[in-house]
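Report on one structure; see the data block that follows.
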Amino acid sequence: MLCCFGNLWFVRRNDNKKLLEERLKRYEYEAGQTSSTSTLIDRVTYLRKNRENDVSKAIIDIEDSMNVDLCFVLDCTSSMDAHIEAAKEHILKVANYVSNYNSNIKFWVGFCGYRDHCDRERLQIFDFNNSLEKFKIYITTKVVADGGDDPAEDVLGGLNAAITRMTWSNSTRVIIHIGDAPPHGRRYHTDNNFEYDDYPEGDPNGLTAESVLEKMQSKNILYHFGRINDTTSLMLKVFREIIGEFSVFDLETTGKNPETLVNKFCKATCSAIFSSVTLTTTLRNSKNIYTLQRKKLQINPYEPNWYNLPKKTGELLCYVPPKTLAEVKDEYYFINSNFTVQNITFKLAPKPFSVGAERYAYFALETNFLRSNKLVIKKYHDVKTGTIERYLESVEIASVAYFLSTEFNKAAKRVGANKKVTFIDVKVLYDKADNTYYSLEKYVSNSEFKRFNVNSGLITEFHSILEAFAHFTYEYTEGYLVVYDLQGVDLNNEFLLTDPAIHCVDLLRFGITNLGMSGIQKCILANHKCNDICKKLKLRKVKSE
């Protein structure tokens, strides 16, 4: 039934049974098998049992992923003296930071130093150890900046030794490679440096970037690089062509302030640990991780020239958000709800500017009469053309998070916390010409996008107001759900967030990322340290089951 009001259409969904069927089929597909039963009750019962098993396995995987092998691969030639000193000094600071905010992460640290083929001590290896003091003593007493001859160093030999001669045993495996020179061979040099390479044909032992990095992938090791200067630019280009996108940290410093370099080391190491744990817990296996890294090579981070792009027509679909806790807890509220439909004309960038585990994100421009608004359009990797159900679920999650954030802001203001938590409004966009659905939200310009915490309970950047909000959602809903995976922009008076995850006692709500409440308590709330805002709001410490 349609009713016109201005340029809005209010729609009463008469196909809620079809929508429910689509959701059940998706859950059955995600479970890896279809129930042989035919009744709705039997199918739901079957799916709940499967989801319980899946959640149990996911929690075990998450707990395993919190154990990290962290290897520093370091150029130890003469020019690297300051960086060797920083590697020694920063490791205890990293351990303290990780312990304070993510006490469930345990890491074993190792070291592989390399020089060049002309040097007597070409390689140095300290195998993984959970004693950070032993690591620091080894760096202090055994590793010195020495050697090197031509502009290239034995980079491939160092990486190969780290991959093949160290004892990799934990689920999350991380290499942080730090160097100020490329490997031997023409492909890694600019024309100016090539004539000075003692081995212009490449590594004298026959190692290639392909052979070394393929071994690294086979052992599920994630690679990060600390850039000191521009001489490694061609090396990074070659490496990306083989393994896809990876983190590059800026370790270049000016002046002689050692504390600045130590702080850069600390920030880079924490970021490498957190991002690697996040990838491992989210994607579960190296094949998916490296597939995502290769997808990142396809993105274009810059806005297109809108003038040259065609105009498209579509419809915006938006739910009426819940207004009470009872509506939040009603599993059929969104399936049975009205939503509004509004016509829109827009332009869409040909390439995504970002890619995540589940979706691509594209720049878009609304081109309706008298306005031109920048938008972000998101598309799931694996959703069939013409399928709406998963996009409606994303709106459902955003709507629940928005409702809870408004309730939290009221309570937080009463106790003197003036910074708000706000979720960006999400709509479903239907492209008429392509019969394709998308998620749509406004674009926040001139702001750095950050991931503050993640679905597995990891805190990547601690903010008391955000952790208090997550705790509040659990208390306010009487243990029914918790909102986490908080990401977005940090503005002066608010956190503007998007794409949260919801963990719920009902395992058949809020998608595959729902780990259930007993499971997520182990990952998030049991590790949660009640801060001042929690105490002022009289939120109780949650115990894991």
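The values are calculated or read from the model by the stated rules, or taken from the named source; none is laboratory data. Keep in mind the model is a prediction, meaning the values are calculated, not measured. Cβ placement follows ideal geometry from the backbone for every residue including glycine, while neighbour counts extend to all protein chains displayed. Quick note on the areas: whole protein, heavy atoms, side chains included, nothing else; ligands and nucleic acids left out. Shrake-Rupley method; radii C 1.70, N 1.55, O 1.52, S 1.80 Å.
Filtering the range 308-330 for residues that are of a type in the set (K, R) and within 26 Å of the chain's Cα centre (by Cα) leaves an empty set.
The residue list V44, V73, V109, V94 contains one member that is hydrophobic (A, V, I, L, M, F, W, C), outside any loop (DSSP other than H, G, I, E, B) and under 30 Å from E22 (Cβ atoms), which is V44. Can you work out which of the residues in the range 125-145 that are open to solvent by 50 Å² or more (accessible area, probe 1.4 Å) and of a type in the set (S, T, N, Q) is farthest from V94 (Cα to Cα)? For the range 125-145, the residue satisfying everything is T141. Filtering the range 277-305 to residues that are in a helix (DSSP H, G or I), among the hydrophobic types (A, V, I, L, M, F, W, C) and surrounded by 15 or more Cβ atoms within 10 Å (Cβ to Cβ) leaves V277, L279, L283, I289, L292.
When restricted to residues that are closer than 30 Å to E478 by Cβ and buried (at least 19 other Cβ atoms within 10 Å of the Cβ), the range 336-357 contains 2. Under the condition of being of a type in the set (V, I, T) and at pLDDT 95 or above, which residue from the range 403-423 is nearest to T477 (Cα to Cα)? If we take residues in the range 403-423 being of a type in the set (V, I, T) and at pLDDT 95 or above, then T406 is nearest to T477 (Cα to Cα).
Screening R122 with (1) over 20 Å from L251 (Cβ atoms); (2) modelled with pLDDT of 90 or more; (3) open to solvent by less than 50 Å² (accessible area, probe 1.4 Å) gives one miss only, at (3).
I'd like to check something: does the range 443-459 contain any residue that is surrounded by 18 or more Cβ atoms within 10 Å (Cβ to Cβ) and touching a Cys at 6+ places or on another chain (Cβ under 8 Å)? Within the range 443-459 (the criterion being surrounded by 18 or more Cβ atoms within 10 Å (Cβ to Cβ) and touching a Cys at 6+ places or on another chain (Cβ under 8 Å)), the answer is yes, since at least one residue qualifies.
For the range 57-101, enumerate the residues that are touching a Ser or Thr at 6+ places or on another chain (Cβ under 9 Å), surrounded by fewer than 22 Cβ atoms within 10 Å (Cβ to Cβ) and polar (S, T, N, Q). If the condition is that a residue be touching a Ser or Thr at 6+ places or on another chain (Cβ under 9 Å), surrounded by fewer than 22 Cβ atoms within 10 Å (Cβ to Cβ) and polar (S, T, N, Q), then N67 is the only one that fits. Here the range 146-167 is the region considered, the condition is being surrounded by fewer than 17 Cβ atoms within 10 Å (Cβ to Cβ) and not charged (D, E, K, R), and the residue that is farthest from L213 (Cα to Cα) is T167. Pairing residues of the range 87-110 that are within 13 Å of F462 (Cβ to Cβ) with residues that are not hydroxyl-bearing (S, T, Y), at Cβ distances under 6 Å and at least 6 apart in sequence or on separate chains, gives Y97/C270; V98/I105; Y101/I459; Y101/F462; N102/L458; N102/I459. For the range 496-505, the condition holds for no residue, the condition being that it is part of a loop (DSSP other than H, G, I, E, B), hydroxyl-bearing (S, T, Y), open to solvent by less than 40 Å² (accessible area, probe 1.4 Å) and touching an Asp or Glu at 6+ places or on another chain (Cβ under 9 Å).
Among residues belonging to the range 409-424 that are under 19 Å from P500 (Cα atoms) and in contact (Cβ under 8 Å) with a residue 40 or more places away in the chain, point out the one that is surrounded by the most Cβ atoms within 10 Å (Cβ to Cβ).
This residue is V421.
Looking only at residues of the range 194-217 that are small (G, A, S) and out of contact with any Gly (no Cβ under 7 Å at 6 or more places or on another chain), we find that the one that is most open to solvent (accessible area, probe 1.4 Å) is G206.
Go through the range 306-323 and report how many residues are open to solvent by 70 Å² or more (accessible area, probe 1.4 Å) and in contact (Cβ under 8 Å) with a residue 24 or more places away in the chain.
4
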